[in-house]
Amino acid sequence: MQKKLIIFIPSIEGGGVEKNLFIISNYLKDKINNISVISISNKYKNKFNNKIKFISPKADFWNSIGRRKKFFVGLFLLFFEILKDRNTLVFSFQGNVYCTLLCKLLGIKVIVRSNSAPDGWSQNRFKHLIFKYILSSADKVIVNSLEFKKKFKTKFKIDAECIYNPLNKKEIIKKSKIKSKIKFDKKKLKLINVGRYADQKDQLTLLKAVNKIKNKINFNLLLVGRGVEKENLKKYIYENNLSKHVKLINFQDNPFNLIKSSDVFILSSLYEGLPNVLLESQVLKKFIISSNCPTGPREILLNGKAGFLFNIGDYKKLSNLILLYSKNKKSLSKKVSIGYK
């Protein structure tokens, strides 16, 4: 008898993890008869095929609670779903430690998909031990890059399986052709960064880099996203007279038309897993400059053969790489072709 599958992701926030979630869930619906998604973010319900049962509190109030609270509400829903049918397999996309612990207490098999490198979430020694012992009890751990797999082995002694992120190439190209009301200045070098305004994404390093070259070249930089660091970014832009060069754009359901109309995609993150946005930029044949953060960018850019890499936080190097690209666009187009291939 086939098990019921529950996909656990308490907080859907519209980023790369969620794109993977939608593709994987909608693929599995043809392979598994009984499949459910548990999430508190019910506004994303329409992203799932109607064959998939979406389990969430009905009131919109729950969408506004914090991420940590969503985890605990999600665990509460998961607990009762398991009690209804113990012939269940749980596939966790988020809150992996909490979810694994609950499943093991209830004697339920659980697959964990870890989405961002442990460099960002296991620095505290106590946390490190918790992650090590609880995640090792999961029935399967999946990661999304080979470097990530090595880190799990060395840090936690866990033999994870590497499965790269899925990518809907046709949808990316289709959406990139939809015209946007937001425009670049065509006469200037067009730079773009798409990601949450959060410490992890470190857009401040990018702003420091462009501040260093603002009197050397003409450029437009679009920062596309939302998050807690927005006011700090706005403050830096104002204090350094960058307003005529840099625009902060709110989160876009379709950022692909903006990426397509840019010259260079820049990723400045402190850590990732396998950043979808770099893969999407390659699909749209964009030149990429990325921090050499753990994990993903080095694999995606083939150790520099398919783009430029700079050390985390090194805004001086980043500024030099932007200048280098601006002066050598034609010769560097080979890196774009290698990345696309």
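When the residues of the stretch 303-337 are filtered to those that are open to solvent by 80 Å² or more (accessible area, probe 1.4 Å) and in a helix (DSSP H, G or I), which remaining residue is nearest to Ser116 (Cα to Cα)? Full working, then the answer.
Quick first cut of the stretch 303-337, residues open to solvent by 80 Å² or more (accessible area, probe 1.4 Å) only: 303, 305, 311, 316-317, 320, 327, 329-330, 334.
With the extra rule that they be in a helix (DSSP H, G or I), the set shrinks to 303, 316-317, 320, 327, 329-330, 334.
Details: Asn303: 19, Lys316: 26, Lys317: 25, Asn320: 28, Lys327: 34, Lys329: 32, Lys330: 34, Lys334: 30 Å.
Only one residue tops the list, namely Asn303.
Within the stretch 178-197, does at least one residue satisfy the condition of being out of contact with any Phe, Trp or Tyr (no Cβ under 6 Å at 6 or more places or on another chain), more than 21 Å from Gln252 (Cβ to Cβ) and assigned to a helix (DSSP H, G or I)? No, there is no match, as no residue in the stretch 178-197 is out of contact with any Phe, Trp or Tyr (no Cβ under 6 Å at 6 or more places or on another chain), more than 21 Å from Gln252 (Cβ to Cβ) and assigned to a helix (DSSP H, G or I).
Going by the conditions given, is Gln252 in a helix (DSSP H, G or I) and either farther than 22 Å from Asn328 by Cα or out of contact with any strand residue (DSSP E or B) (no Cβ under 7 Å at 6 or more places or on another chain) (or both)? When the stated conditions are applied, Gln252 does not pass them.
Give me a count of the residues in the stretch 140-177 that are touching a residue at least 60 places away in the same chain (Cβ under 8 Å), part of a helix (DSSP H, G or I) and open to solvent by 20 Å² or more (accessible area, probe 1.4 Å).
At the first step, the residues of the stretch 140-177 found to be touching a residue at least 60 places away in the same chain (Cβ under 8 Å) are 143-148, 151, 164-169, 172-173, 175-177.
Going one step further and asking which of them are part of a helix (DSSP H, G or I), we end up with 146-148, 151, 169, 172-173, 175-176.
Subset that is open to solvent by 20 Å² or more (accessible area, probe 1.4 Å): 146-147, 151, 169, 173, 175.
Result for the stretch 140-177: 6.
Looking only at residues that are more than 20 Å from Lys190 (Cβ to Cβ) and surrounded by 24 or more Cβ atoms within 10 Å (Cβ to Cβ) in the stretch 236-272, which one is modelled with the lowest pLDDT? Of everything passing the filter in the stretch 236-272, Glu272 is modelled with the lowest pLDDT.
The listed residues are Leu204, Leu189, and the only one of them that is closer than 18 Å to Ile312 by Cα and touching a residue at least 24 places away in the same chain (Cβ under 8 Å) turns out to be Leu204. Which members of the stretch 206-228 meet the condition of being crowded, with 20+ Cβ neighbours inside 10 Å and under 19 Å from Val277 (Cβ atoms)? Once the filter is applied, which keeps residues that are crowded, with 20+ Cβ neighbours inside 10 Å and under 19 Å from Val277 (Cβ atoms), the stretch 206-228 yields Leu206, Leu207, Ala209, Val210, Asn220, Leu221, Leu222, Leu223, Val224, Gly225. Screening Gln282 on (1) part of a loop (DSSP other than H, G, I, E, B); (2) surrounded by 20 or more Cβ atoms within 10 Å (Cβ to Cβ); (3) out of contact with any Leu (no Cβ under 7 Å at 6 or more places or on another chain); (4) not hydroxyl-bearing (Ser, Thr, Tyr) shows it passes everything except condition (1). Residues considered: Leu233, Leu207. Of these, the only one that is at pLDDT 95 or above and within 19 Å of Val264 (Cα to Cα) is Leu207. Note on the stretch 57-86: residues that are surrounded by 11 or more Cβ atoms within 10 Å (Cβ to Cβ) and of a type in the set (S, T, N, Q) total 1.
Residues that are of a type outside the set (S, T, N, Q), open to solvent by less than 30 Å² (accessible area, probe 1.4 Å), under 23 Å from Val277 (Cα atoms) and at pLDDT 90 or above within the stretch 23-56 comprise just one, Phe48.
The values are calculated or read from the model by the stated rules, or taken from the named source; none is laboratory data. Keep in mind it's a predicted model, so treat the numbers as computed, not measured. A quick note on method: Cβ atoms are made from the backbone with ideal geometry, for glycine too, and the neighbour counts reach across all protein chains shown. Accessible surface areas use protein heavy atoms only, side chains included; no ligands, DNA or RNA. Shrake-Rupley method; radii C 1.70, N 1.55, O 1.52, S 1.80 Å.
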